[in-house]
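Trainee: I am attaching a structure below and will ask some questions about it afterwards.
The values are calculated or read from the model by the stated rules, or taken from the named source; none is laboratory data. Not measured: the values here are computed from a predicted model. Heads up, the Cβs are rebuilt from the backbone with ideal geometry, glycines too, and the neighbour counts pull from every protein chain shown.
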Amino acid sequence: MRILVITGAGVSAESGIPTFRGQDGYWRNLDPATLATPEAFARDPELVWQWYRERRERIRAAEPNAAHQAITRLSILAPAFLLVTQNVDDLHARAGIAKANIAQIHGDIFVTRCSQCGEEDQEQANKEELPRCAACGAMMRPGVVWFGEQLDSAKIDMVERFLAGGPCDLVIVTGTTATFGYIIDWAVRGAAGRGDLIEVNPEETALSPFATKTWREPAAAALPRLVAALACGDVSPL
Ligand code: OAD
């Protein structure tokens, strides 16, 4: 059985991490959509770093919730499994999902890398001043994908390899507004007109018209029940 799960900020909401487009997503009255850009970093790197440092702190203090745990359980139950997450936090990893089963397509907030040469440096990540690259002296930046930037081709390859392995029996998309076309594309291609495409989200999204089933509930409530039902065969396809 092949299962693809795609997650967004909503799965970490119940761990206390604000979503991007929710009411609590704003920081000091600033829209994350304008902070998470190369332009914002070029204009005011100190401000952008402060936002990321605060988010790092908040994530460190947070714990994985029942949605993360349920997805980990599913990854163990399913013989072929991939989690594609847009989340830059480490809550899926801390919930115990194997590294080989996760494509963190928007990067990792705990990585600090050089904006010029790409050198990574965990050591400088927590310094208060603006971090500089030890190799070339350029400004270091958070290792995340900003608006308007390309996705990491190695991560795309990971998703494409999984999709090339055959149609999925089940695709679950949860906690995301599915704003980016590639999210909808991967979900629809994964189900391949054959498997179920289940959306778990309290609200309607751009993906909703493509879903074969919708669970309009918070992920931490719905996913443990959904996975338990799959494990006992009450819901296809396990
Ligand atoms: P958004 O903030 O756009 O959307 C969060 C989604 O989670 C919404 O659809 C909510 O209805 C849903 N939601 C809220 N609470 C939930 C809960 N408890 N259970 C389930 N769903 C819940 O976040 P993303 O879709 O992840 O990218 O945003 C996608 C990308 O846009 C982010 O990765 C980031 C952002 O800008 C980059 O920075 C490149």
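Trainee: Would you pick out the residues in segment 74-96 that are closer than 22 Å to Gly166 by Cα and either within 16 Å of the ligand (Cβ to nearest atom) or of a type outside the set (Phe, Trp, Tyr) (or both)? Give the derivation first.
Mentor: In the first step, residues of segment 74-96 are kept if they are closer than 22 Å to Gly166 by Cα; the result is 74-85.
Passing the criteria: Leu74, Ser75, Ile76, Leu77, Ala78, Pro79, Ala80, Leu82, Leu83, Val84, Thr85.
Trainee: Can you name every one of the helices (runs of 4 or more DSSP H) wholly within segment 1-46 that holds 1 or more residues which are more than 10 Å from the ligand (Cβ to nearest atom)? Break it down into steps so the answer makes sense when it comes.
Mentor: On the way: elements: 10-13, 32-35, 38-43.
Fully inside segment 1-46 and qualifying: 32-35, 38-43.
Trainee: Scan Leu151, Leu130, Leu163 and give me the residue that is closer than 20 Å to Ala36 by Cα, away from the ligand (no atom under 16 Å from the Cβ) and among the hydrophobic types (A, V, I, L, M, F, W, C).
Mentor: Numbers: Leu151 fails: away from the ligand (no atom under 16 Å from the Cβ); Leu163 fails: closer than 20 Å to Ala36 by Cα.
That would be Leu130, the only listed residue that is closer than 20 Å to Ala36 by Cα, away from the ligand (no atom under 16 Å from the Cβ) and among the hydrophobic types (A, V, I, L, M, F, W, C).
Trainee: To continue, here is another question. Got a sec? Which strands (runs of 3 or more DSSP E) wholly within segment 137-217 have at least 3 residues that are within 14 Å of the chain's Cα centre (by Cα)?
Mentor: Numbers: elements: 140-144, 170-174, 196-200, 213-215.
It comes to 170-174.
Trainee: Against the definition (within 19 Å of His92 (Cβ to Cβ), surrounded by fewer than 20 Cβ atoms within 10 Å (Cβ to Cβ) and among the charged types (D, E, K, R)), how does Arg58 come out, yes or no? Break it down into steps so the answer makes sense when it comes.
Mentor: Values: within 19 Å of His92 (Cβ to Cβ): yes; surrounded by fewer than 20 Cβ atoms within 10 Å (Cβ to Cβ): yes; among the charged types (D, E, K, R): yes.
Answer is yes for this residue.
Trainee: Could I ask something else about it? Can you work out which of the residues in segment 152-203 that are over 15 Å from Phe81 (Cβ atoms) and aromatic (Phe, Trp, Tyr) is surrounded by the fewest Cβ atoms within 10 Å (Cβ to Cβ)?
Mentor: Tyr182
Trainee: Let me ask something additional. I'd like the full set of residues that are away from the ligand (no atom under 14 Å from the Cβ) and touching a Phe, Trp or Tyr at 6+ places or on another chain (Cβ under 8 Å), limited to segment 97-113.
Mentor: Answer for segment 97-113, where residues must be away from the ligand (no atom under 14 Å from the Cβ) and touching a Phe, Trp or Tyr at 6+ places or on another chain (Cβ under 8 Å): just Asn101.
Trainee: Conditions: (1) part of a helix (DSSP H, G or I); (2) modelled with pLDDT of 95 or more. Trp51 meets all but one. Number of the miss?
Mentor: It fails just one condition, (2).
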